[in-house]
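What follows is a single structure, written as structure tokens, with notes after it.
Read-outs throughout are calculated quantities, based only on the coordinates presented, and are distinct from any laboratory measurement. Model, not experiment: these values are computed from the prediction. Neighbour counts are summed over all protein chains in view; Cβ atoms, including those assigned to glycine, are modelled from backbone coordinates with ideal geometry.
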């Protein structure tokens, strides 16, 4: 069994999506790492229904911003990115991810959520979207929708957030391999070097 890789990401973070589509699977495969995913709510204060990106960035040319993000994604071989103009709350989707974890379907569910949000423009707060994603991951749609608002799963989201803060996580994606920490969507070579340093 390989060394553990603790990965902090959020479904509404474009750079997390890019990393999870490119460097993460390559890193896990080539170094036989054991991935431990930790959901990290990037903007915990986001209300239900989301907020315009202009609230975060001020008066900004959103088409130009999205074009820069797409160009950055292409540097990692990631195509089809369709960034939204609103920041959605990821809280319910993160709670549902904990439900999926409890049923052994976390990786399948995570991949579906990232793809739905960043390539298909899915609303991660909508019951029908969450139900469909859960069913695609071979989970009960009705139980999944209930789990998205279940205090027990929401408490898990909060406890992971608190644990991340205690560990000094403030930006995502964050990779922790042994004593090594890499923050941001970095080239594969930077991550591979960190794995080698962690191995001594």
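Here the contact order of segment 4-198, divided by its residue count and restricted to Cα pairs under 8 Å and six or more residues apart, works out to 29 percent.
Take the Cα of residue 149, go 7 Å toward its beta carbon, and the backbone nitrogen atoms of segment 92-124 under 16 Å from that spot belong to 92-96, 124. Calculated from the structure at hand, Cα extents along the principal axes in Å is found among [x] 47, 42, 37; [y] 47, 41, 31; [z] 46, 44, 26 as [y].
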